[in-house]
1. When both residues are 6+ apart or on different chains and their Cβ atoms are under 8 Å apart, which pairs have a first residue that lies in the range 12-24 and is under 27 Å from Pro34 (Cβ atoms) and free of Cβ contacts under 8 Å to residues at least 60 places away in the same chain, and a second that is of a type outside the set (Asp, Glu) and part of a loop (DSSP other than H, G, I, E, B)?
2. If you go through the range 112-121, how many residues are buried (at least 20 other Cβ atoms within 10 Å of the Cβ) and modelled with pLDDT of 95 or more?
3. So is Arg80 of a type outside the set (A, V, I, L, M) and in contact with a Phe, Trp or Tyr (Cβ under 7 Å, 6 or more places away or on another chain) or not?
4. Which of the residues that make up the range 12-34 are modelled with pLDDT under 90 and either surrounded by fewer than 10 Cβ atoms within 10 Å (Cβ to Cβ) or more than 17 Å from His68 (Cβ to Cβ) (or both)?
5. Restricted to the range 91-105, and to residues that are under 16 Å from Leu75 (Cβ atoms) and surrounded by 13 or more Cβ atoms within 10 Å (Cβ to Cβ), which residue is modelled with the highest pLDDT?
6. Output the number of residues of the range 42-85 satisfying the condition of being outside any strand (DSSP E or B) and at pLDDT 90 or above.
7. Within the range 136-147, is even one residue more than 11 Å from the chain's Cα centre (by Cα), at pLDDT 90 or above and more than 24 Å from Arg44 (Cα to Cα)?
8. Please count how many residues of the range 46-68 are surrounded by fewer than 16 Cβ atoms within 10 Å (Cβ to Cβ) and either within 12 Å of Gly120 (Cα to Cα) or without any contact (Cβ under 8 Å) to a residue 12 or more places away in the chain (or both).
Amino acid sequence: MAARKDSFGHRFRAIPNRTVPWQDKEVKPLLNQPDGVKIKLFHRDPGMKRLDFIVKFPKGHVEGRHTHKSWHTCLVMKGRVIVDGKTYRPGDYVFGWTEAHGPLHYPDGAEIFVVFMGEGSQHEWVEPEGDGKAGRAAPRAKKKSVRR
């Protein structure tokens, strides 16, 4: 039986990672992330409302607390992610639904394979801890003052 072809490209694909270029222009419209974050977009399916991509976060990046109009699954490929005080490394899995989650810290930078499905992948920022800025660098530890 022949594979079915349709307007959304529902066909078998095998794409070498090295052949997909890093993009920074798609980051704002797809994710609402600041400069410095990049993506490799592998597949976009408007019929299924699905996006498959790798996102590259720079060293020290923090995603503040946020929501989405869709769910996402994430697989850490490089670096590490700290969520709720727990560290996730290559091979570890993170799932996010439409309820608020984060902050997510990327102290060494990270590459994450992400699948979004739903009404929108844009981050809708909730007031994050600290300075109130989303997608900021990790705050530096404050020095304790010593009274004499």
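1. Filtered contacts from the range 12-24: Asp24/Val37.
2. 1
3. Spelling it out, Arg80 is indeed of a type outside the set (A, V, I, L, M) and in contact with a Phe, Trp or Tyr (Cβ under 7 Å, 6 or more places away or on another chain).
4. Scanning the range 12-34 gives Phe12, Arg13, Lys25, Pro29.
5. Asp92
6. Matching residues across the range 42-85 total 5.
7. Scanning the range 136-147, I find no residue that is more than 11 Å from the chain's Cα centre (by Cα), at pLDDT 90 or above and more than 24 Å from Arg44 (Cα to Cα), so the answer is no.
8. 3
The values are calculated or read from the model by the stated rules, or taken from the named source; none is laboratory data. If you're wondering where the values come from, they're calculated on a predicted model, not measured in any experiment. Ideal geometry is used to build each Cβ from the backbone, glycine not excepted, and the neighbour counts take in all protein chains shown.
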